[in-house]
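Some notes on the structure that comes next.
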Amino acid sequence: MTAEQTVVVVGAGHVAAALVKAARRRGFAGPLVILGDEPTGPYQRPMLSKERLAGAGESGLWLLDPQWCAANDVTLRTGSPVERVDAATSSVLLADGGSIPADLVVLATGGRPRQLPGVEGDRIHTIRTLADSDRLRERLAPGRRIGVLGAGFLGTEVAAAAVGRGAEVVVFDVAPVILARGVGADIGTAVQALHAGKGVQFRLGQGIESVRATADGVTVTTAAGAETVDDLVVCIGIEPNTEVAVRSGLVVGNGVEVDAECRTSVPTVFAAGDVAAHDHPRYGRLRVEHVDVAQQQAAAIGKTIAGRPTTFADPHWFWTDQYDINIQGLGLGGIRPDDRMVARGDLSALDGTVFWLRGGLLVAAATVERGEDVSVARELIDLEIPVRAEQLADEGVELDELLDSEEVNA
Amino acid sequence: MSEWVHVAELKELTRRKKKQVIVDGRPVALFLIDGEVFALDDVCVHKERFLTKGTILDGQVICPGHQWKFDPRSGRPEDQPGCQATWPVQVSDSGAVLVGTVPATPRESSGLEDTPDVAAAGSERP
Ligand SMILES: Cc1cc2nc3c(=O)[nH]c(=O)nc-3n(C[C@H](O)[C@H](O)[C@H](O)COP(=O)(O)OP(=O)(O)OC[C@H]3O[C@@H](n4cnc5c(N)ncnc54)[C@H](O)[C@@H]3O)c2cc1C
Ligand code: FES
């Protein structure tokens with residue numbers, strides 16, 4: 001190679017921040033450029049429904065330190081929407097007509113909230129950006145009644161922040177139990193009771209028939225009746241931002257299709273994070289919306305471009321913090337209906353773990369307040385150590401001793 | 001000046017490899033890793049969970065809160081901001097574990113603590 005290659009990251013979010021750090025740590029020497037359409041550099045998106053929604057502090061919010069960027073030849077261009085990648089001329093074209101040289105490109109455009117068709121106005125909210133979160137925070141105040149549509153992670157975090165700020169909250173979902181799609185009904189039920197204890201109201205198990213926003217409020221109608229709230233927060237998932245990929249001629253399905261190394265159908269273009277439908281060596285093609293996955297995929301690309309081809313093959317991991325309760329999941333995307341579920345501890349008391357077993361091997365785990373079980377689960381899955389359901393359920397068995405027994409056998 | 005306090009016996013660490021002790025009013029985590037005893041702040045620089053509630057894997061300490069991996073020697077988390085204070089440790093011939101009352105390396109904030117003052121003072125979670 002005669003000259004160092006230039007890498008351009010499209011989208012200034014979690015992937016971008018993790019990628020430039022990983023590339024430099026692994027010794028990649030070429031210029032690194034980040035092009036983002038938001039007015040700021042990358043920030044901690046999870047805080048938007050947690051710390052930042054509860055209060056306006058900036059502590060820990062920013063992901064890249066300008067001084068570090070300056071010292072490491074990382075150029076950040078904010079307010080610069082990208083039109084498309086032109087691999088043939090090794091360049092990235094900006095919406096304003098400009099063009100940036102790019103030997104390698106990492107597409108990291110994330111996703112945008114799904115909207116309710118035809119429902120809009122000042123009282124309707126979604127949360128993806130800092131501006132969204134700041135606008136919503138002003139509405140979460142005593143005397144206001146806030147509706148939340150969708151009882152997944154985002155919706156339940158918003159509910160927790162809203163009651164924390166003294167607002168009244170009612171959460172709607174067609175599912176009968178909150179979070180059940182994410183972490184299973186047992187943990188969902190326990191966390192639902194926690195929310196109810198804090199005053200959150202639930203309207204579950206009923207499809208939404210209509211949502212009508214007027215100048216005076218938002219009326220949500222289900223089979224059980226109509227309900228009016230001051231503001232409605234729509235938390236019904238995201239759509240991947242695939243436009244740049246489509247305009248660049250990349251293969252796109254449910255996200256930009258990438259191989260195990262996160263390479264798209266064009267070898268000089270990678271994609272990672274919420275926008276990428278990754279061919280995971282363990283689970284097959286999956287598009288996952290977790291910070292840790294975005295960071296790990298970015299780290300793998302960082303190593304690859306620094307000269308050590310690396311795949312992302314770990315089980316997907318995520319967390320959510322609600323009130324002072326910590327919930328984590330590992331490998332949940334890979335669960336099959338006939339996997340055996342085993343509970344450890346007391347889930348109803350918000351202190352336990354659920355494991356999923358297949359043929360004597362662990363495939364997944366979800367926990368409330370027992371993150372240490374997840375660390376061990378990660379090793380059990382990674383090393384494919386056989387475990388029995390009785391051992392996992394028995395609190396007399398220390399989980400980390402299941403790892404030791406392997407070492408003795410090995 | 002640093003003094004040494006006798007906080008535990010080595011044999012208390014042989015089975016579970018970890019133990020919380022209090023040094024100067026501050027929770028300190030002892031870990032026995034590959035035959036060596038390490039002492040770090042027990043309160044995680046991220047969000048104040050206890051490292052002693054976590055696990056030891058491949059010589060690293062994994063915090064139960066959000067799975068940050070700490071190097072027990074430096075107190076640094078892998079790829080994350082901040083640093084746990086580390087404390088000087090001596091193990092006597094009779095197996096007494098002594099910890100110095102002044103950190104060997106200081107705590108550095110991660111900027112992400114829920115209650116930075118509490119974490120810095122090292123008091124327990126309420
Ligand atoms: C409120 C909230 C809370 C969350 N909480 C958690 C949590 O607790 N745990 C967890 O694991 N995950 C959580 N997530 C998910 C997590 O934030 C995402 O998985 C993560 O941000 C994905 O990183 P990314 O880099 O792929 O995308 P993003 O961080 O979204 O970054 C993509 C960036 O690209 C920009 N962009 C898009 N198109 C263009 C274009 N054409 N040109 C230039 N720039 C463009 C976008 O504006 C954006 O800034 C949360 C998400 C939200 C919104
Ligand atoms: S509290 Fe330790 S990693 Fe979050």
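The values are calculated or read from the model by the stated rules, or taken from the named source; none is laboratory data. Keep in mind that this is a model prediction, so the values were computed, not measured. Please note: Cβ atoms are built from the backbone with ideal geometry, for glycine as well, and neighbour counts cover all protein chains shown.
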(request) For residue A:334, state whether it is more than 14 Å from chain B (Cβ to nearest Cβ) and closer than 15 Å to residue A:288 by Cα. (result) yes
(message) On the basis of being surrounded by 18 or more Cβ atoms within 10 Å (Cβ to Cβ) and over 22 Å from residue B:112 (Cβ atoms), does residue A:20 make the cut?
(response) no
(message) If a residue must be more than 14 Å from residue B:54 (Cα to Cα), charged (D, E, K, R) and not in a strand (DSSP E or B), how many such residues does region B:1-32 contain?
(response) 5
(message) Can you find a residue that is assigned to a strand (DSSP E or B) and in contact with a helix residue (DSSP H, G or I) (Cβ under 8 Å, 6 or more places away or on another chain) anywhere in region A:330-340?
(response) yes
(request) Would you tally the residues in region B:59-69 being within 16 Å of ligand 1 (Cβ to nearest atom) and more than 9 Å from every other protein chain (Cβ to nearest Cβ)? (result) 1
(request) For residues that are outside any loop (DSSP other than H, G, I, E, B) and in contact with a strand residue (DSSP E or B) (Cβ under 9 Å, 6 or more places away or on another chain), scanning just region A:22-48, find the one that is nearest to ligand 2 (Cβ to nearest atom). (result) A:46
(request) Determine if region A:259-267 includes at least one residue that is within 30 Å of residue A:197 (Cα to Cα) and either within 16 Å of ligand 2 (Cβ to nearest atom) or in contact with a helix residue (DSSP H, G or I) (Cβ under 9 Å, 6 or more places away or on another chain) (or both). (result) no
(request) Please work out if residue B:90 is away from every other protein chain (no Cβ under 14 Å) and surrounded by 23 or more Cβ atoms within 10 Å (Cβ to Cβ). (result) no
(message) Anything in region B:80-105 that is within 12 Å of the chain's Cα centre (by Cα) and outside any loop (DSSP other than H, G, I, E, B)? List them, or say none.
(response) B:83, B:86, B:87, B:89, B:99, B:105
(request) Using the structure shown, decide if residue A:287 is within 13 Å of ligand 1 (Cβ to nearest atom) and among the basic types (Lys, Arg). (result) yes
(request) Name the single residue, out of those in region B:57-79 being of a type in the set (S, T, N, Q) and more than 11 Å from the chain's Cα centre (by Cα), that is farthest from residue A:368 (Cα to Cα). (result) B:60
(request) Filter region A:136-156 for residues that are of a type outside the set (Ser, Thr, Tyr) and within 13 Å of ligand 1 (Cβ to nearest atom) and give the result. (result) A:136, A:137, A:148, A:150, A:152, A:153, A:154, A:155
(request) For residue A:327, state whether it is buried (at least 20 other Cβ atoms within 10 Å of the Cβ) and within 30 Å of residue A:271 (Cβ to Cβ). (result) yes
(request) Look at residue A:293 and say whether it is within 14 Å of another protein chain (Cβ to nearest Cβ), in contact (Cβ under 8 Å) with a residue 12 or more places away in the chain and β-branched (Val, Ile, Thr). (result) yes
(message) Can you tell me which of (1) in contact with a helix residue (DSSP H, G or I) (Cβ under 6 Å, 6 or more places away or on another chain); (2) within 14 Å of chain B (Cβ to nearest Cβ); (3) under 28 Å from residue A:53 (Cβ atoms); (4) not aromatic (Phe, Trp, Tyr) is the one residue A:315 doesn't meet?
(response) (3)
(request) Name every residue in region A:178-210 that is of a type in the set (A, V, I, L, M) and farther than 22 Å from residue A:220 by Cβ, in order of residue number. (result) A:183, A:185, A:187, A:190, A:191, A:193, A:194
(request) With respect to residue B:75, determine if the residue is more than 16 Å from ligand 1 (Cβ to nearest atom) and either away from every other protein chain (no Cβ under 11 Å) or touching a residue at least 60 places away in the same chain (Cβ under 8 Å) (or both). (result) yes
(message) Residues that are at pLDDT 95 or above and assigned by TED's automatic domain parsing to the domain that holds residue A:83, at least 3 per element: which helices (runs of 4 or more DSSP H) completely within region A:136-247 meet that?
(response) A:243-247
(message) Could you list, ordered by first residue, the pairs with Cβ atoms under 9 Å in which the first is in region B:5-31 and more than 14 Å from chain A (Cβ to nearest Cβ) and more than 14 Å from residue B:61 (Cα to Cα) and the second is part of a helix (DSSP H, G or I) and β-branched (Val, Ile, Thr), at least 6 apart or interchain?
(response) B:27/B:52
(message) Among the listed residues A:95, A:16, A:70, A:56, identify the single one that is more than 14 Å from chain B (Cβ to nearest Cβ) and either free of Cβ contacts under 8 Å to residues at least 12 places away in the same chain or not hydrophobic (A, V, I, L, M, F, W, C) (or both).
(response) A:70
(message) Please go through region B:35-58 and give me each residue that is of a type in the set (D, E, K, R), assigned to a loop (DSSP other than H, G, I, E, B) and away from every other protein chain (no Cβ under 13 Å), ordered by number.
(response) B:42
